[in-house]
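The values are calculated or read from the model by the stated rules, or taken from the named source; none is laboratory data. Remember, it's a predicted structure, so these values are computed and weren't measured experimentally. Neighbour counts run over all protein chains shown; Cβ positions are idealised from the backbone, glycine included. These accessible areas exclude ligands, DNA and RNA; they are computed on the full protein's heavy atoms, side chains included. Shrake-Rupley method; radii C 1.70, N 1.55, O 1.52, S 1.80 Å.
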Amino acid sequence: MSISVASPRRTVSRGVASAVLLAVAALFLLPLAWLVLASLDTGASASLAMPEQFSLANFTAVLTPGQTLWPLWNSFLLSAGCAVITVLAAVLAAYPLSRYQARYNKPFLYGVLFGTGLPITAMMVPVYSMFVRLGQLDSVPAVALFMAATSLPMAIWMTKNFMDSVPVSLEEAAWIDGASAMKALRTVVVPLMRPGLAVVFIFVFIQAWGNFFIPFILLLSSHKQPAAVTVFNFFGQYGSVAYGQLAAFSLLYSLPVIVLYVLVTKGIGGSFATAGAIKG
């Protein structure tokens, strides 16, 4: 029986890798632990500590229509509107790029990729001026449309990659049956790439859900601002922070995104299996 010489080295490397993974896990788990414990502590501070007495008073304090419920509803309207518009536009833009070969495909895709690198802070001054001239300042639909435009470049790239995996032969069979290109897209391609569209939807929704800068600049009315903006109400003057209420609000703020992710992933599980759809 031969004994491997490298086994001690492998043991050391595995130990180092495990230690690094544990350290990374601690970096993620400790803030989450503080979030949960602080939300149940009426005297919470910035340090991680076990509450002397567990209480739901922080949740009771923040669960008011003006402080939490209405901002969460505004966040949902902005994020859902942005995600729906982005997915629809991305499908229509990705279809010719995926199905038709043209000389402008690569330059267009590179231009789209360039659009993902533009900093939003550099665009806000002309965008703000445009919103003022068009009379759309403090308009939730206009802000959702602009947020969809900022998310569209990455969504087009993602949607095209998912669409490339759908066999063209399925569309050809639909064309033979008399379906138009748009009907084949609607009845054949889109149903088969539902998991991909769900990924794009969740990606855009989460981005819009956590977007602070755009609503802060373009939405002036306090009753129209999303939760990403109203979270700063818990930061008072002279550095005072209501840590317990901030932690409770943060947990409530993250809950809708988690629920959406769970529902979507369960609903689309296994529906992307297109292998064997056509046998030659």
Handout entry: Answer from VAL229, VAL199 - the residue that is open to solvent by 50 Å² or more (accessible area, probe 1.4 Å) and in contact (Cβ under 8 Å) with a residue 40 or more places away in the chain
Key = VAL199
Exercise for the section: Name every residue in region 115-125 that is outside any loop (DSSP other than H, G, I, E, B) and open to solvent by less than 80 Å² (accessible area, probe 1.4 Å), in order of residue number. Expected result: GLY115, THR116, ILE120, ALA122, MET123, MET124
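Residue-wise test of (1) modelled with pLDDT of 85 or more; (2) open to solvent by less than 40 Å² (accessible area, probe 1.4 Å); (3) farther than 21 Å from SER151 by Cα; (4) acidic (Asp, Glu).
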position	(1), (2), (3), (4)
SER13	no, no, yes, no
LEU29	yes, no, yes, no
TRP34	yes, no, yes, no
LEU77	yes, no, no, no
ALA89	yes, yes, no, no
Problem - Residue ranges of helices (runs of 4 or more DSSP H) in region 1-102 with at least 3 members of a type in the set (Lys, Arg) - result: 7-39
Exercise for the section: Pull up region 156-190, narrow it to residues that are polar (S, T, N, Q), closer than 25 Å to ILE202 by Cα and assigned to a helix (DSSP H, G or I), then point me to the one that is most open to solvent (accessible area, probe 1.4 Å). Expected result: ASN161
Completion exercise
How many residues of region 128-144 are of a type in the set (Ser, Thr, Tyr) and either surrounded by 14 or more Cβ atoms within 10 Å (Cβ to Cβ) or within 13 Å of LEU78 (Cβ to Cβ) (or both)? The answer is 1
Completion exercise
Of the conditions (1) more than 16 Å from ALA208 (Cα to Cα); (2) open to solvent by less than 30 Å² (accessible area, probe 1.4 Å); (3) at pLDDT 90 or above, the single one that VAL112 does not satisfy is (3)
Completion exercise
Of the conditions (1) at pLDDT below 90; (2) open to solvent by 90 Å² or more (accessible area, probe 1.4 Å), the single one that TRP70 does not satisfy is (1)
